[in-house]
Amino acid sequence: MTTLSLSHILKSAEPSEALHEILFNNQGVAERFAWIEQLRQAALMRVQESARLLPLGAAPNAASLFNEESIAVQRQFEILDKGINHSLDVESRTASYRNWSSAEDHDLPENPADLADEREAYKYSLKRLYRRQFEVTLNEIKTGCWPLILADVMQPLDGKRALAISLAPLAVDNHSSAEYLRNMSSDAIGAYLNVFREEKASLVRRLAEIDNPKKPLHLMGANAGVIAAIAAAIGALTNAVDKGYQIYRDIQDREAREKAAREAREAAERERAEKAAREAQDRAERQMRDWSREPREIPGSSDHCDSFERNHERIGRMC
């Protein structure tokens with residue numbers, strides 16, 4: 001997609017339809033976000049141009065702030081996209097995400113012509129993607145990391161928090177059974193259980209908001225389907241925490257046994273080394289004692305005796 005073709009799309013008679021078609025024709029995660037990144041870059045250029053038109057010093061950081069924030073937010077969308085695709089792939093149901101459509105376009109700006117502005121087009125593309133992620137997560141995903149994805153889509157995607165599926169990446173492959181935790185250390189299992197508990201608590205709060213008529217829920221389609229999905233996710237996370245805690249205790253017991261066995265081996269090795277050192281020292285001391293008791297010839301003493309006899313004879317002849 002060239003800059004010219006992007007400009008042509010945004011200035012077309014129906015830019016929303018063109019954006020929607022291009023966005024969802026790029027079905028692979030990598031292709032879809034390559035296209036979204038082009039929109040982001042175009043929006044960044046427009047922000048930079050607008051900043052240059054302002055009085056000196058009025059908004060010196062507008063472009064850099066937009067760049068940092070948009071990168072962080074877009075990264076969250078991409079992580080969710082990968083998680084949703086992977087979770088649906090477990091059930092061979094990726095078509096439900098690929099073929100998602102909405103009868104009405106609630107994400108259009110009040111004046112659709114505003115989409116000719118790259119900034120509005122970029123925001124629109126993310127809104128449309130979020131709507132698909134949200135609705136498909138509510139209606140389709142039931143296995144894999146689905147409870148964590150549901151908790152993620154129901155919290156702000158502001159680029160400032162770590163997504164649950166990022167904090168528990170192995171849960172993306174298999175969340176429901178929790179058996180994968182057996183291959184982890186007790187510390188790592190504890191970290192995962194904390195993620196499950198926190199996300200469960202966030203969903204419980206969401207459910208309370210729905211049931212509380214005094215606190216309007218700002219969710220798309222706060223209906224029986226939403227309530228059922230949240231309740232199911234809470235149940236799945238509860239089971240995962242219960243099962244995970246059992247595994248956690250099993251791994252702790254195993255680690256304690258392994259530690260005790262390791263310490264016993266190390267103690268036995270130290271004892272063998274100390275015993276060998278004591279035996280070597282005893283041998284050395286015995287050798288010293290034996291050497292000091294036995295009569296031994298003074299080195300070179302025979303030479304001195306021979307010299308004495310010769311000199312003695314020589315002196316005798318002289319006299």
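Quick notes on this structure:
- Loop GluC sites (Glu not before Pro), the stretch 29-117, which have at most 10 other Cβ atoms in a 10 Å radius of their Cβ (DSSP): Glu104, Glu110
- Net charge in the neighbourhood of Ser64 (other residues with Cβ under 15 Å of its Cβ; Lys, Arg +1, Asp, Glu -1) is 0.
- J(HN,Hα) series, the stretch 258-271, from Karplus relation 6.51 cos²θ - 1.76 cosθ + 1.60, nearest Hz, glycine and proline x: 5, 5, 4, 5, 5, 5, 5, 5, 5, 5, 5, 5, 5, 4
- Label-point separation in nm, Arg93 to Ala268, each point 7 Å along Cα→Cβ: 5.4 nm
- Solvent-accessible area per residue, Å², over the stretch 140-284 with all protein chains present [probe radius 1.4 Å]: 55 Å²
- Local net charge near Val90, Cβ-Cβ under 12 Å (Lys/Arg +1, Asp/Glu -1): -2
- The stretch 140-284: C-alpha pair distances exceeding 22 Å, %: 53 percent
- Between His106 and Ile227, the modelled labels are 1.8 nm apart [label points 7 Å from Cα along Cα→Cβ].
- Long pairs among Lys127/Lys243; Lys142/Lys243; Lys123/Lys200, criterion Cα-Cα beyond 25 Å: Lys127/Lys243; Lys123/Lys200
- For the stretch 146-166, backbone nitrogen atoms closer than 19 Å to the point 7 Å from Ile71 Cα along Cα-to-C-beta are found at 158-163.
- Most tightly packed first, judged by the mean number of other beta-carbon atoms within 10 Å of their residues, the peptides 231-239, 264-272 read 231-239, 264-272.
- When peptides 119-126, 40-47, 202-209 are ranked by their average number of other Cβ atoms within 10 Å per residue, the highest-first order is 119-126, 40-47, 202-209.
The values are calculated or read from the model by the stated rules, or taken from the named source; none is laboratory data. These figures come from a predicted structure and were not determined experimentally. Virtual Cβ from ideal backbone geometry, glycine too; neighbours counted across all protein chains shown. Areas reflect the complete protein model, heavy atoms only, side chains present, ligands, DNA and RNA absent. Shrake-Rupley method; radii C 1.70, N 1.55, O 1.52, S 1.80 Å.
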